[in-house]
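Bear in mind that the values in this text are calculations on the coordinates, not laboratory data. From a predicted model like this one, the values you see are computed outputs, not experimental measurements. Ideal geometry is used to build each Cβ from the backbone, glycine not excepted, and the neighbour counts take in all protein chains shown.
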Amino acid sequence: MGLFSRESSARLLIIAGLLLLALALYDLLRPYLPAGPKPETIFRAGALFSRVSRDGRPPAARPAPATARPRPGLPGGMLTTSIYHNRGHYHGWIWAIRPEKKTSARVKVEIAHAAAGEEGAFQIVAFADTGGDGKPDLEIARSDWLFAPEPGRWSAFEFKTEAEAIFVGNAWPGADQVFIYRGNGRWPLEDSPFADRFFYSFPPATVSSAGPAFTNMRISFPAGNPDAADSPLGGKTP
């Protein structure tokens, strides 16, 4: 004897048909019913019949999902407004400059402060890779401590180096409570001059890297004498 008799199968089909009819009627009458919480259903009855709206036109295309990747064009030339509160976990972040982007011996680095005063202070630092292993092993430049009167302000530092493989970023040695701009993911720049991974410990410490991540930093290679250049916020080439 089968699990279901013919009478049972027919009864199930009738019940299923009535449920589908009820769902279809509800979908048609819903605009005229009192407003209230939407019932949770596994599917909408309208999807069983046609992908055409009630006025005969195809339904509007769903908008593409928004990307979480930050993009250029934020106020003040920012790449991200995301702020990381460092509580002694890091003492600096530096990124490799793609060798083909270094067009002169003079280098200008600009980095934005995520907080005013000491909470957003840092030094701009530069290292070189003299061993050819893709890791920083020699410090070649370091600015004075740089401060900003308000968040979002930029500090600049210029130095000169003949090294081809260099790394730049900021450091805050000895400061355990610092706020720094940091976005997770690849640099949201067209043809970025920076590598995506960053080094969070470097000489004299053991070299370690992570990422990808980025910050509000920009680099240029101006012509002229770097010894005469000062940061707009007090940073000065030693």
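Overview of results
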| quantity | calculated |
| --- | --- |
| Estimated FRET transfer efficiency when R0 is 25 angstrom, pair ASP176-THR206 (beta carbons, to 0.05) | 0.80 |
| Proximal charge balance of PRO99 [Cβ under 12 Å; K/R count +1, D/E count -1] | 0 |
| Neighbourhood charge, 10 Å Cβ-Cβ cut-off, centred on PHE194 and excluding it, Lys, Arg +1 and Asp, Glu -1 | +4 |
| Most to least packed among 173-183, 81-91 [average Cβ atoms within 10 Å] | 173-183, 81-91 |
| Sequence ranges 164-171, 205-212, 126-133, 7-14, ranked by mean other-Cβ count within 10 angstrom, highest first | 164-171, 126-133, 205-212, 7-14 |
| Total formal charge among the other residues, if their Cβ is under 12 angstrom from that of GLU110, Lys/Arg +1 and Asp/Glu -1 | +2 |
